[in-house]
Amino acid sequence: MRAVVSLRIQERFVSVQGEGALVGVPSSFVRVSGCNLRCVWCDTPRSSWTPEGDAATLDEIVAWCAAGPRHVVLTGGEPMLFSPAAELSQALRAAGHHLTVETAGTVWCEGLQADLMSISPKLSHSTPWQRAEQLGRKQLAPMHEAARLNLDVLARLIANYTWQLKFVVRTSSPEQLAADLDEIDQLVDALELPTNAREQILLMPEGTDDASLRAGYLAALDTCQARNFRLGLRLHIHLFGHTPGT
Ligand code: SF4
């Protein structure tokens with residue numbers, strides 16, 4: 001008898017893809033609960049800092065997705081942490097879905113299939129030095145810092161999947177943006193990405209409202225044009241605000 005396999009799901013909803021190359025595409029979102037990182041600005045803390053959610057069987061998730069759009073986004077948290085994600089990805093693609101997997105790119109999940117591996121490596125400004133201390137969970141900051149970049153896993157993901165790289169960048173001062181770009185350059189060099197892959201690299205200004213995002217887009221525009229990076233929009237925030245389930 002086949003064992004019942006499940007994943008802890010924090011939320012699932014149908015919306016349009018808000019970020020990346022497929023922005024605007026109607027999609028079902030399945031958000032797995034649990035993450036190995038604790039980004040200071042995490043916009044889904046109920047799947048990372050304080051994980052919530054109930055277990056759902058893979059059959060139930062596949063049936064729920066079947067009632068929705070062709071595109072499915074498996075996100076988190078960090079879905080690659082959980083081995084059942086591989087079986088779920090296979091079932092969803094076998095059912096005819098286009099599957100995007102959203103990951104920070106720090107762990108490899110054997111057998112996972114994806115039509116688009118949407119990788120969001122975390123820069124040093126993501127490390128929650130003060131926040132972790134304020135919460136009395138000081139150990140989380142060095143844990144995050146040690147885990148946030150894994151070059152071997154990033155290289156393997158890029159070699160094995162159709163990919164995009166999304167970087168959250170700070171744009172409130174030219175110095176902050178320059179510091180973030182230095183880190184991105186180092187990573188792009190270390191991964192030996194060809195220059196014609198630059199348009200698969202997105203700069204996503206940090207921000208949770210229309211005004212700050214628009215200012216961020218404008219601040220990042222020259223850099224995108226000079227280096228052929230893609231400007232990463234956040235359509236869901238413009239449409240719905242900074243709201244869960246969108
Ligand atoms: S990797 Fe993603 S889900 Fe995990 S803490 Fe960072 S932003 Fe949140």
Q. Can you name the residue in region 40-91 that is near the ligand (Cβ under 10 Å from one of its atoms) and of a type in the set (Asp, Glu) and is also farthest from the chain's Cα centre (by Cα) among such residues?
A. Asp43
Q) Can you tell me which residues in region 1-29 are more than 13 Å from the ligand (Cβ to nearest atom) and touching a helix residue (DSSP H, G or I) at 6+ places or on another chain (Cβ under 6 Å)? A) Val5, Leu7, Gly18, Val23, Ser28
Q | All positions within region 4-27 that are out of contact with any Lys or Arg (no Cβ under 7 Å at 6 or more places or on another chain) and assigned to a strand (DSSP E or B) | A | Ser6, Leu7, Arg8, Phe13, Val14, Ser15, Val16, Pro26, Ser27
Q: Considering each of Val72, Val107, Val101 in turn, give the residue that is among the β-branched types (Val, Ile, Thr) and closer than 17 Å to Thr57 by Cβ.
A: Val72
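Here is a yes/no grid of residues against (1) in contact with a Phe, Trp or Tyr (Cβ under 8 Å, 6 or more places away or on another chain); (2) within 21 Å of Glu192 (Cα to Cα):
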{"position": "Ile119", "(1), (2)": "yes, yes"}
{"position": "Ser124", "(1), (2)": "no, yes"}
{"position": "Ala141", "(1), (2)": "yes, no"}
{"position": "Glu145", "(1), (2)": "no, no"}
{"position": "Leu151", "(1), (2)": "no, yes"}
{"position": "Leu154", "(1), (2)": "no, yes"}
{"position": "Leu157", "(1), (2)": "yes, yes"}
{"position": "Asn160", "(1), (2)": "no, yes"}
Q. Say we look at region 148-163 and pick out the residues that are under 21 Å from Ser48 (Cβ atoms) and of a type outside the set (Lys, Arg); which of these is surrounded by the fewest Cβ atoms within 10 Å (Cβ to Cβ)?
A. Asn150
**Q.** Evaluation of Glu183 against (1) in a helix (DSSP H, G or I); (2) of a type in the set (D, E, K, R); (3) modelled with pLDDT of 95 or more; (4) over 26 Å from Val23 (Cβ atoms) (one fails), failing number
**A.** (4)
Q) Looking at (1) buried (at least 18 other Cβ atoms within 10 Å of the Cβ); (2) farther than 19 Å from Leu81 by Cβ, which is the only condition Leu135 fails? A) (1)
Q: Could you tell me which of the residues Leu187, Leu191, Leu218 is out of contact with any strand residue (DSSP E or B) (no Cβ under 6 Å at 6 or more places or on another chain) and open to solvent by 80 Å² or more (accessible area, probe 1.4 Å)?
A: Leu218
Q.
Scan region 169-178 and tell me whether some residue there is closer than 25 Å to Cys109 by Cα, modelled with pLDDT of 95 or more and β-branched (Val, Ile, Thr).
A. no
Q | Residues that are open to solvent by 30 Å² or more (accessible area, probe 1.4 Å), touching an Asp or Glu at 6+ places or on another chain (Cβ under 9 Å) and closer than 23 Å to Ala146 by Cβ, drawn from region 41-86 | A | Trp41, Ser83
Q: Mind counting the residues in region 17-40 that are in contact with a strand residue (DSSP E or B) (Cβ under 7 Å, 6 or more places away or on another chain), touching a residue at least 60 places away in the same chain (Cβ under 8 Å) and open to solvent by 40 Å² or more (accessible area, probe 1.4 Å)?
A: 2
Q) Is there a residue being within 18 Å of Leu116 (Cβ to Cβ) and open to solvent by 70 Å² or more (accessible area, probe 1.4 Å) anywhere in region 201-215? A) no
Q. Across region 164-184, which residue is surrounded by the most Cβ atoms within 10 Å (Cβ to Cβ) among those that are in contact (Cβ under 8 Å) with a residue 60 or more places away in the chain and more than 23 Å from Gln113 (Cα to Cα)?
A. Val168
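The values are calculated or read from the model by the stated rules, or taken from the named source; none is laboratory data. Every value quoted in this text rests on a predicted model; they were computed, and no experiment measured them. Counting neighbours? That spans all protein chains shown, and the Cβs are built from the backbone with ideal geometry, glycine included. Accessible surface areas use protein heavy atoms only, side chains included; no ligands, DNA or RNA. Shrake-Rupley method; radii C 1.70, N 1.55, O 1.52, S 1.80 Å.
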